[in-house]
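Worksheet for the structure shown next.
Only the coordinates and a few stated rules stand behind these numbers; no lab work does. Since the model is a prediction, treat every value here as computed from it, not as a measurement. Don't worry about glycine lacking a Cβ; one is built from the backbone with ideal geometry, like all the others, and counts go over all protein chains shown.
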Amino acid sequence: MEIYSILETLEDLIEKSPGLPLSGKCIVDREEVLEIIKETRLKLPDDLKQAKWIKEERQRILMEAQKEANSIIKNAENKISSLINEHEITKKAYEQANEIIANAQKNAREIRLGTKEYADSILNKVEEILKDTLDVIKLNREELK
């Protein structure tokens, strides 16, 4: 995400700024900081759009997995009904159908968990960026006062 490089630029600017003796504060170029903040504001909507896309993609993958699971279940049910005439074949079909259903449910569960974790990770990164940016802005405002 581009927001990370913008934040790194801001961090570098602050770290390289000359310090004021005995105060722990530093002097920064106001125009340069304001330009970085402006650039951050411009990039945030893109990152938020990307997070929204990830959320929508997660939902699409979940729906696709559910459709695939339903299809597998339906196929298994059809197979079971066609083999019901013979006892041994019927027994094996039930075992296979249950295994297929269990695997499909397991796969759907894994996909669902993976997409939730991925989306949560991206949203967490965006949240951290926003918090860091807000902290920098608050600090700069305090320094301006």
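Would you mind calculating the relative contact order of the range 48-130 from Cα pairs under 8 angstrom and at least 6 residues apart, reporting the percent as a whole number? Before the final figure, lay out the partial values.
Working: 46 pairs, mean separation 38.0, N = 83.
RCO, the range 48-130: 46 percent.
Taking the convex hull of the Cα atoms, report for the range 84-140 its projected area averaged over all directions, in nm².
3.9 nm²
Consider a paramagnetic label point 7 Å from the Cα of GLU77 along Cα→Cβ; state which residues of the range 88-112 have an amide N under 17 Å from it.
94-105
In a GNM of the chain with a 10 Å cut-off on Cα contacts, which of THR115, THR40, THR90 has the highest mean-square fluctuation?
THR90
Please compare each pair in LYS79/LYS116; LYS52/LYS125; LYS116/LYS138; LYS92/LYS116; LYS38/LYS116 to a cut-off of 25 Å on the Cα-Cα distance and tell me which ones are over it.
Checking Cα-Cα distances, LYS79/LYS116; LYS116/LYS138; LYS92/LYS116; LYS38/LYS116 exceed 25 Å.
Sequence gap at least 6, Cα distance under 8 Å: using those rules, report the relative contact order of the chain to the nearest whole percent. Write down the numbers at each step before the final one.
Working: 78 pairs, mean separation 37.1, N = 145.
Value for the chain: 26 percent.
GLN105 to ARG60: FRET efficiency via 1/(1 + (r/R0)^6), r the Cβ-Cβ distance, R0 22 Å, to the nearest 0.05?
FRET efficiency, GLN105 to ARG60: 0.70.
Suppose R0 equals 41 Å. What FRET efficiency, 1/(1 + (r/R0)^6) with r the Cβ-Cβ distance, do ARG30 and TYR118 give to the nearest 0.05?
The formula returns an efficiency of 0.55 here.
Find the all-direction average of the projected area of the Cα convex hull for the chain, expressing the result in square nanometres with one decimal place.
So the Cα hull casts an average projection of 11.6 nm².
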